[in-house]
Amino acid sequence: MPSRPFRLSATDRRQAILSAAASVFARLGREGATTKEIAKAAGVSEALLYRHFASKEVLYAELETHCVEANAVGSRLLAEAAPSTATLVTGVALLVQAVFPGIGDAQSHNDTKRLVTASLLSDGQFAKAFLDRHVKPWIGIFERSFRAAQDAGDVEDGVQTGSAEIWFVHHMANTLHLISLPDITVVEYGVTRAKLIENTVRFLLRGIGLRNTAINRHYAPEKLRTIFASMDQDTP
């Protein structure tokens, strides 16, 4: 008796369509993408696609949550961390890694960045929703940890760092990732990827005012690389 063909559950099918849609929207843009193209990428009929999503607009709106869930790996390192210099250093290193070069599935990460960038060139709604959900909570942790670092004497005298400077951590990491998206080398930095990440983390920590002694005390690139590698392996 022939075996029955494997069928995805409704939930898994929905996620598969979202994953396929992310790549199509990232490649063709919100206006250029069609439900026909998305259905083809997902390996389903347009009729089945419409059973899960009433319209292209509904599908696009749900991509923000899908992309955040797909790229939320790693936040557990800070979930219960008390504000401190160590938390600030680890958090900056983690955010740089999560944004550039990414944690988890590389294609999903690249698609998300293209979606955010396309949104910034359009109405900005997707980008705002993504940053509010995925990055903004980290900003609060960093601000509290910066104040703790000041109290511990780990910040240079006279430095006043607020939300804008903390957001620059994300912005620089995001720019480095965008520069690296094309298949060609757009900028030759003269160092390995690992060294570029380390230099970026140190540059940002100094930029928000941390003393070199504090950075050297708490920043362990090799140890963090091992942690990030294990996260990549754990990512479904």
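The values are calculated or read from the model by the stated rules, or taken from the named source; none is laboratory data. Remember, it's a predicted structure, so these values are computed and weren't measured experimentally. Counting neighbours? That spans all protein chains shown, and the Cβs are built from the backbone with ideal geometry, glycine included. Ligands, DNA and RNA are stripped out before the accessible areas are found, and what is left, the full protein with its side chains, is counted by its heavy atoms. Shrake-Rupley method; radii C 1.70, N 1.55, O 1.52, S 1.80 Å.
Here the chain is assigned +1 on the Cβ of each Lys and Arg and -1 on the Cβ of each Asp and Glu. Its dipole about the Cα centre then comes out at about 500 debye. For the range 151-225, the dipole from Cβ point charges (+1 on Lys and Arg, -1 on Asp and Glu) about the Cα centre works out to 260 debye, to the nearest 20. When you restrict to C-alpha pairs under 8 Å that are six or more residues apart and normalise by the size of the chain, the relative contact order lands at 24 percent.
About its Cα centre, the range 9-145 has a charge dipole of approximately 140 debye under the convention of +1 per Lys or Arg Cβ and -1 per Asp or Glu Cβ, with nothing else charged.
For the chain, the solvent-accessible area works out to 54 Å² per residue, with a probe of 1.4 Å and every protein chain left in place. Against the chain, whose longest principal axis comes from its Cα atoms, helix 10-32 is set at around 80 degrees.
Extension gain, GLN15 to GLU46, is 9.6 nm, computed as 0.36 nm per intervening residue step minus the present C-alpha separation. With K and R counted +1 and D and E -1, the other residues having a Cβ less than 11 Å from that of LEU48 yield a net charge of +2. Against the chain, whose longest principal axis is taken from its Cα atoms, helix 163-180 shows a tilt of about 50°. Between the residues LEU120, ALA93, ALA173, the greatest Cα displacement towards the positive end of the dipole of the range 90-236, with unit charges on the Cβ of Lys, Arg, Asp and Glu, is found for ALA93. Angle of helix 221-234 to the longest C-alpha principal axis of the chain, folded into 0 to 90 degrees and rounded to 10: 20°. Extension gain for ARG217-GLU57 works out to 52.7 nm (0.36 nm per residue, less the C-alpha to C-alpha distance). For the chain, set up a GNM with springs between Cα atoms under 10 Å and report which of PRO137, PRO221, PRO182 has the largest fluctuation. With Cα springs under 10 Å in the chain, the top fluctuation among PRO137, PRO221, PRO182 is at PRO182.
Annotation: aspartates and glutamates with alpha-carbon distance below 13 angstrom to LYS195 (same-chain offsets under eight excluded): GLU222. Of the solvent-accessible surface of the chain, computed with a 1.4 Å probe over protein heavy atoms with every protein chain present, carbon and sulfur atoms account for 53 percent. Taking a ≥ b ≥ c as the square roots of the eigenvalues of the alpha-carbon gyration tensor, the range 104-205 is classed oblate because a/c is 1.5 or more while a/b is no larger than b/c.
Only one of (1) 39, 24, 16; (2) 38, 18, 17; (3) 29, 21, 19 was calculated from the structure for semi-axes √(5λ) of the Cα gyration tensor in Å, and its label is (2). Here LYS40 is the anchor, and the lysines within straight C-alpha reach of less than 17 Å, apart from those fewer than 8 places off in the same chain, are LYS56.
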